[in-house]
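The values are calculated or read from the model by the stated rules, or taken from the named source; none is laboratory data. Computed from a prediction, not measured in an experiment: that's the story for all the values here. Reconstructed Cβ throughout: ideal geometry from the backbone, glycine too, with neighbour counts over all protein chains shown.
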Amino acid sequence: MNKKILLPLIIFVTVCFAAPAIAQTQQNITLKTGYNFVSFTVTPVVAPLQFKQQYPSIDDIFLYHTFSGGFISLNEGSLVTLAAGRGYVIKTFQDITITISGSVPGNCGPITLMPEFNLVGFSKMPETVTCSQLMAKYSVIKGIYKWNASSGMFIQVLRDGGGNIVQVDSVDPLINLGEAYFINMQSQCDLSYDQAQVLIVGENVTSTNISSAVAQNGKLTVNFSGSALPQSLSVSDFKVNVSINSSSFSWIIPLSVTRKSDTAAELVLPIIQTSSEIDQVVVYNVSYLTNNPVIVPSFTILKNTSGKVAAPVFSVPGGSYNTMQILTITCPTYDAEIYCSIDGSEPVPYYGYKYYPGVFGPFVLLKNKTIKAIAVKRGMENSDIVTATYTMDIPPAVEIVNYGIEWQCTYQLLNAANGLQPLCAEISNAESKLIFNLTEGDIVPLIVEKHNGKVVKLRLMQKMPKASVIAAQGIVKINITPNSNYYSHETFTADALIALEKNLDSMPMQITSSSEIVNISSDFTYLSGTDTQLRDSVSAVVRTVYELFRSNYISSEVKDLIQPAVNYTATGLLNSFLTAVKHPQVKMFLDSMPYLSRSVTVNSVTIDEQLTSLPADILTNVQLTTQAPILLPDSINSYSAGVFLHYFTNSQSVTISSATPGAVIYYTLDNTPPTTSSTLYTGPFTLTENKAVQAIAVKDGMKISPVSSRNYRRVGIIQSAGAVRLADGMTEISMQADYAPSGCNYLVKFIDANSNIVYQNTINLSVNNQPATVYGSPSLSLYEKIVISYNSDWGTPPNINLPNYEILKSQIMDLSVTPIAISFDSIVFDPVLKRVSWTLPASLPKPYYVSSCEVINNQGGTFTNSMIPMGTNYMGLPMDGTWPAATAFNVKLKLIMADTQIDLHDPAKSIVGPETIKTFTLEGMPLSTIVSVEAMFPGMLRVLFNVSPSPGAIMADFVVMQSINGGAETTVPVFNVNNFSPAINLNVPLVPETSTAQTVSYRVSYKGGPFVSSNLISIPASAPALLAPVMTPAPGTAATTVSLTNGTPGAAIYYKLVGEADMPSATDIFATGNVYIGPIILNTEVFTKVSAVSVLNGVYSEVIYGGYNLTPPAPKIGQ
């Protein structure tokens, strides 16, 4: 994260410190949600990554890099150490208090302050001094900035142009121990607070200087002279630049820094990849707390002449670890690609898993793993395979996901099996992680949701297994998946409260490995469905109290009075509800919320404002219901007619259990409801045929559970099958299976030569070898084979993986009838419409057909020969007078039929009826000629003919000549013909407008006939373009007023002041802006953008924009 400054990102941040005495070895810091400026008063013993792991609510930690004017951060890997004597910015997800352990810091200084901005942390504070007092003492300070949470801005104490100290916000903050401040310096100095006061001494002071440095690829050893190096070093202390083959120096961030001695340090740098084409001469320059870099002697990275890619480099060596590790993989060979495996298998170059940060890698090492990698580059030999094996001794942990959605709420996990002890720290929103370690004892997680510190929602989950049950390392993810929308948060909360009060338990969740996500239903409840009346009553109370705590109308004092679920029981919540409905403020609130309850009934007791007190035993004698049995296998393949279905082949073992510990189970197999007289379940049983299993659970002191049912269906495996095409075109399938009636249907697919599905439908198997008809099946010419697969009521059974059965086309018996010869019933000629029409037979043996029509005159010439489309049974003859005298014609008609449209053109796959010939006479027709031409408007000519209807003309039949202002004629194209008998409209190109008026005339000829002239039409002159207004002074300058000058006489000017990123249109300025009548007065405190446009007779000019700064902006931090 290269941020020029964090200031724009810090919003609503409050820093609150509880500063310990200097001699203490612990520091407590209260952090608010967002960004916090801190300094450590102890020397921390943990690295930033361990610090973040200890406090999951920390999002990131930043350190200001003075040389670059930006921040380095933990998440980007550039911040690897923490130290006293520095200023840090810690970003958190929520309000938390952290404890930092460490040793008492020694000398923290001198701290070098560079020109411009420095983030300074005060790990010691030997005196009481304000920002103004420190600036008055040292004139080299240009300004001090302290963040103020209440205003969302920095409190600024600055020095003006005359050197005077100005308290910009009328506040002079104290400089406090444990806080960090931005200090703007005029020149380089040293700051120290190790003695009796805060001291700033000298200019261009460097007590420790680089004397020499030695570089190699990826590493830089730096030697120092002068004072000893501080005990803690940071990558931000150094500025490193690199030049390759005399290129310009570019800044790089060291990956880490290690203090080797009082006079030496080692920097780890990014590796420079080896080139296969050229040697690379590398030069570094490095500076330490100074702007004067030291040039490091160059070294050369020889080009790779071996033709082999260098082996991948693992950032974490193989070995044993007891903490999480982050593994990155790099390769020194330039442009090489890395392929790897994480299961110990051989990596596959080009086709396997490619190492790509953010997609596949870096790898989080939480459990035992063997990783192999190979580097490749086209044109070079592949690298050797590198293998690393990691043994991770990490105890198992659990992460709960999908537990809440409300940002305003906080969440916490309690252990309902151990006195509601917290399992993890409270967090602020659903994006954080609820992580806790598994112990040897029972854990029943209870998710608690709070709003403004008040418990408003609970969710009690299944019992977690002991740590010894899970053999693998790492984090087990428990995913609360929504299975339905039936249960609301009120239902879950009511269920949890009743279960806690009645001391209900659940069967343990089965977790055998951390290698996969464990899903539990968000519908999981401790109470069964028959306890809905009790749950609904408590749910109504939950909803009412929940809305009370969300309301701003209810005062905080009243909310404290009615705090719900203080003891996490239903009785506790009901007492809170009784207190609430008696309070006058709550009564007024409920009057405005008719959907909320102010009276509920629990165990025959009405709880409302008339009730004096809640009976202590209101839930003591409530008899709850045993949880419904669980039938396994529980994977539901389908759901049909209210019955859950499960499919199997050959045989199926069924087990039944109850989530209520100590319950006994009774079941039936004949689809009858079970009773306590039914078969007692003693262990798994085996099914070999279709059965409907129903079961109940029974426990003393509780009601009998609801009935659980599962319909188990055996799938008949096809042994043989055949197909017959019937005379009516349908197809019959006969099958022999190992079990009938089969518990599933079969999907029959008709597949063509390109493996496309032509048609599909389902059939069932009630009795072996009984034919089943596939209705709507296609003809044989459309497919090459029939494929039969196994199909449930709603798709393929997911637990059934059986091969398909195929019937080839050659194996299908064809009993379809050969089509009979077809002739036309009648042919009619209409002499007025000049159209021949015919009537088709009532039924045809093929689904697709066309009519072939050929017209020949008595001189033997073919007049037309065309295929008439399906659905059309007529053909029109020419009507534009191509013959002057009566002429005899023969009409030849025949019908072509086939199974597909393509087959209509294939003689081998189509049926052709007998040819029918009929002769008729067509009287002579006069030739069509133009009577007149009217130029209706530019681009449109109306041509009137001597015959009606007008001829069926096309664009090529016309020649159009055009003359502009009486000048020479030119031929123009016709690009559209519209017949409006007896006239035809022609579309021709428009004549472009010019600055002067024009006259246009046309002449038109039809099929080589005489030209007929049109009338004259006028084209007016084009209007001149409007000129945009001119702004004075020019945009980009400092100004207090702006004048607008009109470039077009008579035009009005409209203007609008807008935001810096806004670009309003001309219509927007005209509709919502102001009419310009004089100089525009600008705001003297903010950047102003002016937009303006000229308007005349509804025409707009181009919009102009201009931005103005009235006074130069205050200098930004880091720039």
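Here is a list: Ala310, Ala388, Ala373. Which entry is among the small types (Gly, Ala, Ser), in a loop (DSSP other than H, G, I, E, B) and either in contact with a Phe, Trp or Tyr (Cβ under 7 Å, 6 or more places away or on another chain) or crowded, with 16+ Cβ neighbours inside 10 Å (or both)?
After ruling out the rest, the residue left standing is Ala310.
Take the residues of the range 28-57 that are among the hydrophobic types (A, V, I, L, M, F, W, C) and in contact with a Phe, Trp or Tyr (Cβ under 7 Å, 6 or more places away or on another chain): which is surrounded by the most Cβ atoms within 10 Å (Cβ to Cβ)?
Phe37
Return the residues of the range 665-689 that are out of contact with any Phe, Trp or Tyr (no Cβ under 6 Å at 6 or more places or on another chain) and buried (at least 17 other Cβ atoms within 10 Å of the Cβ); say none if nothing qualifies.
Within the range 665-689, Tyr666, Thr668, Leu669 qualify.
Only one of Asp190, Asp169 is closer than 18 Å to Val120 by Cα and not assigned by the TED database to the domain that holds Tyr288. Can you tell me which?
Asp190
In the range 91-113, how many are within 29 Å of Asp59 (Cα to Cα) and surrounded by fewer than 16 Cβ atoms within 10 Å (Cβ to Cβ)?
Result for the range 91-113: 5.
How about the range 656-705: which strands (runs of 3 or more DSSP E) wholly inside it have at least 1 residues that are under 21 Å from Asn503 (Cβ atoms) and not assigned by the TED database to the domain that holds Tyr526?
Fully inside the range 656-705 and qualifying: 664-668, 691-698.
With respect to Asn75, is the statement that it is at pLDDT below 90, crowded, with 19+ Cβ neighbours inside 10 Å and not hydroxyl-bearing (Ser, Thr, Tyr) true?
Judged against the criteria, Asn75 is not a match.
Hey, among the residues in the range 1001-1019 that are among the aliphatic types (A, V, I, L, M) and part of a strand (DSSP E or B), which one's surrounded by the most Cβ atoms within 10 Å (Cβ to Cβ)?
Val1004
With respect to Thr493, is the statement that it is at pLDDT 75 or above, assigned to a helix (DSSP H, G or I) and touching a Lys or Arg at 6+ places or on another chain (Cβ under 6 Å) true?
Taking the combined requirement at face value, the residue satisfies it.
Could you give every pair whose Cβ atoms fall below 8 Å, whose first residue belongs to the range 544-556 and is of a type in the set (A, V, I, L, M), and whose second residue is not in a helix (DSSP H, G or I), counting only separations of at least 6 or pairs across chains?
Val545/Val456; Val545/Ile562; Val545/Pro564; Leu548/Ile554; Leu548/Ile562
Quick one: which of Glu266, Glu277 is outside any strand (DSSP E or B), among the charged types (D, E, K, R) and surrounded by fewer than 18 Cβ atoms within 10 Å (Cβ to Cβ)?
Going through Glu266, Glu277 in turn, just one is outside any strand (DSSP E or B), among the charged types (D, E, K, R) and surrounded by fewer than 18 Cβ atoms within 10 Å (Cβ to Cβ): Glu277.
Can you name every one of the strands (runs of 3 or more DSSP E) wholly within the range 119-206 that holds 1 or more residues which are modelled with pLDDT under 85 and under 46 Å from the mean Cα position of the chain (by Cα)?
So the answer is 141-148, 153-159.
Any residue at all in the range 1020-1041 that is surrounded by fewer than 16 Cβ atoms within 10 Å (Cβ to Cβ) and closer than 17 Å to Thr929 by Cβ?
Within the range 1020-1041, none of the residues are surrounded by fewer than 16 Cβ atoms within 10 Å (Cβ to Cβ) and closer than 17 Å to Thr929 by Cβ.
Given Ser734, Ser709, which one is part of a strand (DSSP E or B), surrounded by fewer than 16 Cβ atoms within 10 Å (Cβ to Cβ) and not charged (D, E, K, R)?
Sole residue among the options that is part of a strand (DSSP E or B), surrounded by fewer than 16 Cβ atoms within 10 Å (Cβ to Cβ) and not charged (D, E, K, R): Ser734.
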